Structures are given as structure tokens and as C-alpha cells.
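This report refers to the structure that appears directly beneath it.
No lab work stands behind these numbers, since they all come straight from the coordinates. Please read all numbers here as calculations on a predicted model, not as lab measurements. Neighbour counts run over all protein chains shown; Cβ positions are idealised from the backbone, glycine included.
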């Protein structure tokens, strides 16, 4: 078969269709640059945005029609040290993750449209970088070896570096990109060291070889150290303590649509890789006597991350910075799901991964809604500090309602989607007997209620600040209004009618580990 002018081996030909959504997104990313080259300045922003949106929607529809398969798009390389397998697969977990990212990416594009209309240049580059970053997140869901893990993760990370510093004339954006680059380089080095140690211990880069080595008995010191270093590299992406130091400044300084990407899709990439890596590093070891060590380590990181995030969010007086620390707290809940995955005992059902996948969906919709409001408010006031939110309900009841519902969902108030996301995570750790961790998670919910309600009080019970009291009502772009309506309906709908969404997540979670069982 000839594909793109290249003669492919017969073994690879039937598997190309598994990556059709990725080809669509990659082609759209390249196509998003074309309007920047051929259209007049006044039409570039809309053309590139709608091109990006259409590509993501098509990829999302294709994913909804795909059937799960364990078939791998694999490259086998034989060398003196043995056979190295570089693979990628499209199972139920991969299809779920890619669909969430494609659908969520479409929301990110819609959310960014009013923002990019105010840019004087770089519209095509912005959407192309965003699409390539989303492509990387989609690819990480199907990796089955260390090499693919590294390459796909770096595709996300490198695009994120550039996006964080995209506003070249803004010192805060430049600073955010530089901090992200420096700290990200360190995490990448640690991740590579972990991959090297795992290869040295197993003689292979494939997850299958890692799983067999873990299942065969007590792992060697090199293997344990390698797994630990890989976890450190992935904790950086998720924002787990003590690998969180880049988050507050980067999230605050980056353009708001980029912060929304970092807080949703980029964080999801780390969580998806933790699940995919844990499929090989944790699930095969559940029958071993020392399997509880990883669960204890992950539980400790989750507890520290959770408490640091919610306690640090209390004194913040800038909405983006508060949500940055809040995202660290939510990372703690996500790592709790990984800890439940690594723990033995309980019912044996994959409640941890199922809860975590539902959490990603709920958190994605909620965060996009919150940042859509931030973009609208900051465009009208020139700031996202406390002054912009004081008395917002009087200047724009619609924006205040949307942000209120988003904060209630983040806080875990029923019947919002965030309540059931946190409930499922706590239920998963209780099922595994991790009662102390569940108590810490419940305490963090109470603390979160306090600082989220402080902002709701600021919007509804405080008079507008003097500098904004005489300003006219905030104008809302029709696209912004549409995104907010969708977000509010989704947050409430996923809470009231969570059954189908959880079932989809549960079916995806059940496919984890099937290749090794």
C-alpha cells in the first residue's frame, strides 16, 4: 500500500484506520495556517477558528462511531539487546480519552474565538499550536511503550511552552513560558532517566515487558527506581506536590485560553498516562504481597497535593491564581484515583479508574465554563483580580450565574457534576480500605466550600468596586454565551443524569489491563 508517497509494510496497512481521528486533527492543524496566508487581516481570526472547530468536531464524530480493538499499530525492531516494540493501540480506554479531548478541544476553540479576535496577528499559529497540543493528548491515550509515551508527551509539552509565552509583548506571558520551559526540562530529564532504568531492568521499552517483569515477583531496585522517576515526570504534568511549583505563576501569566488548555487537556494528558502506565506498573502487581507500597506512596502524594491546593487557594485575591491553586487540589483527587487503582483488595472492580475518567469529563466542562467567564470579564475590566468580580451579579447576572455554577461544581455541591466526580473518587478509595485518605478528601471538600463561597459572596453580596460601578453592563459575545449555556447545562446534566456518562467511563476503565491478563 502507498500512503503519502511511502510504501508501507503489509503488517501496518490495516491499522492506519485506527488513527483516522489523529490524521484529521493533524491535517486540520496544518490547514488552520492557510487562512493566515491567503485571507485579509480582518477575516483571518474567524477563518482559522472555524477551520479548527470543524476538524475537531469531525474527529469527535469519527471517534463516537469507532469500535474498540486491541490491535496495535506496532513497529518491531530487533537488536542485540532483544526486540524493542514501539506500539499504539485503540481500545475502549483510548477511544473514550480521545473523544473527551476532541470534544473538549472544540469547546476550547469556541472559548478562544472572542479572545483571538482581539489579537492583531498570529491567529493561524495559535490554533495550529493548540491543535498539535490536542493531537499529542489524543495520542498519549493509546501508547504501549516508553518511547511512544515520551514522544507523545513531549508533543503536548513543547506546544504548551510556546502557547504559554504566545503574547510576546506581555512580560507576564513571557515569564510564564520561560518558567514552564525551565521546570519542564528538569521533569523531562527525570522522566528519561526513569525510562532508561526501566529499560535496563527489563531489556525492553514495551509496557508488556514491564508488566511481565512486575508480575513475575519482587521487582529489582533499578525497576522500582525507574517506575518512581517516571511517576515524578508524570506528576509534573498533573501538578502533584512537590512538583507543582510552576503552576501558579504559569497559569496566572499565560493567556486565559492557554491556561484553560493547561488546566484541562494538558492535565488530562498526565492523568491518562498515569492510568496507562499504571496498567503495566501497578495492575500486574496486585497479587504480590508488597503491592501496597505503591498505593501508600500515591496516597501520600494525593493527600499532600490535596491539602496544599485547597489551603493555598484560600488567601488568593486573583481569580486565575485561585483557580491555579484549586487545580492543584483537584490534582490531589485525581491522584487518589490512581492510588485506588494501585491498591489491592476491595470489590475488584476498577472503581478508581472509572471515577477518574468521569472526573476528567466533569472537570473539563467546569473549567472551560469558568475560564470562558474569565475571558469575558477581563476583556471588559482589563483585570481578573478581585475588583473585577465584586458586584458582578449587578453588572452581568448571566456571567455571575455561569461562574457561580462553575464554582459550585468545583466545590462539589450537589447536584453539580463536580459533586458526583468527588463522590466517586471517595467511594473508590473507601472500597480499597484507604479510609484515612477518604477522610482527608472529605475535609478538603469542606475547606473548598469556604473559599469558593467567598468568591460567590464577592459576586452577589458585595457592591461593585468604585472603579467599575459606573461602567455599562458587560457585553457578551454570542459565541461566549453559547459556550456558557452549554457548560451550565452540561454541569447540571452530568450531575442529575450521570448514569450514561459514568457507564461510558466504566466501560473504558474495564479495558485497562486486558492486554496483560
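What the table below lists for this structure:
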read-out: Rounded to 10°, Cα long-axis angle of helix 351-381 versus longest principal axis of the chain; value: 30 degrees
read-out: Gyration tensor (alpha-carbon) shape descriptor, segment 127-245, a/c threshold 1.5; value: prolate
read-out: Relative exposure of 395, 43, judged by other C-beta atoms within 10 Å (fewest first); value: 43, 395
read-out: Mean residue ellipticity (222 nm) of the chain, computed from DSSP H runs ≥ 4 via -39,500 (n - 2.57), nearest 500; value: -23500 deg cm²/dmol
read-out: Residue 460/residue 215 FRET efficiency (R0 56 Å; Cβ-Cβ; nearest 0.05); value: 0.50
read-out: Segment 291-511 - convex hull of alpha carbons, volume per residue in Å³; value: 104 Å³
read-out: Tilt relative to the chain, helix 267-281 - C-alpha long axis, 0 to 90 degrees, to 10; value: 20 degrees
read-out: Shape of segment 92-182, Cα gyration tensor, a/c cut at 1.5; value: oblate
read-out: Viscosity 0.890 mPa s, 25 °C: Kirkwood-radius Stokes-Einstein D of segment 266-420 over Cα pairs, µm²/s; value: 145 µm²/s
read-out: Residues listed by number, segment 396-420, amide nitrogen under 11 Å from residue 427 label point at 7 Å toward C-beta; value: 420
read-out: The chain: angle of helix 221-238 to the longest principal axis, Cα-based, in degrees nearest 10; value: 20 degrees
read-out: Nitroxide proxy distance, nm - points 7 Å out along Cα→Cβ at residue 170 and residue 318; value: 1.1 nm
read-out: Full-extension gain in nm, residue 185 to residue 17, via 0.36 nm per residue minus C-alpha separation; value: 57.1 nm
read-out: The chain - percent relative contact order, Cα under 8 Å, separation 6 or more; value: 14 percent
read-out: Normalised contact order of segment 291-511, rounded percent, pairs of Cα under 8 Å and 6 or more residues apart; value: 28 percent
read-out: Ranking of 320, 237 by count of other Cβ atoms within 10 Å, fewest first; value: 320, 237
read-out: Ranked list, fewest to most other Cβ atoms within 10 Å of each Cβ, for 235, 486; value: 486, 235
read-out: Estimated inter-spin distance, residue 192 and residue 30, nm [label 7 Å along Cα→Cβ]; value: 2.8 nm
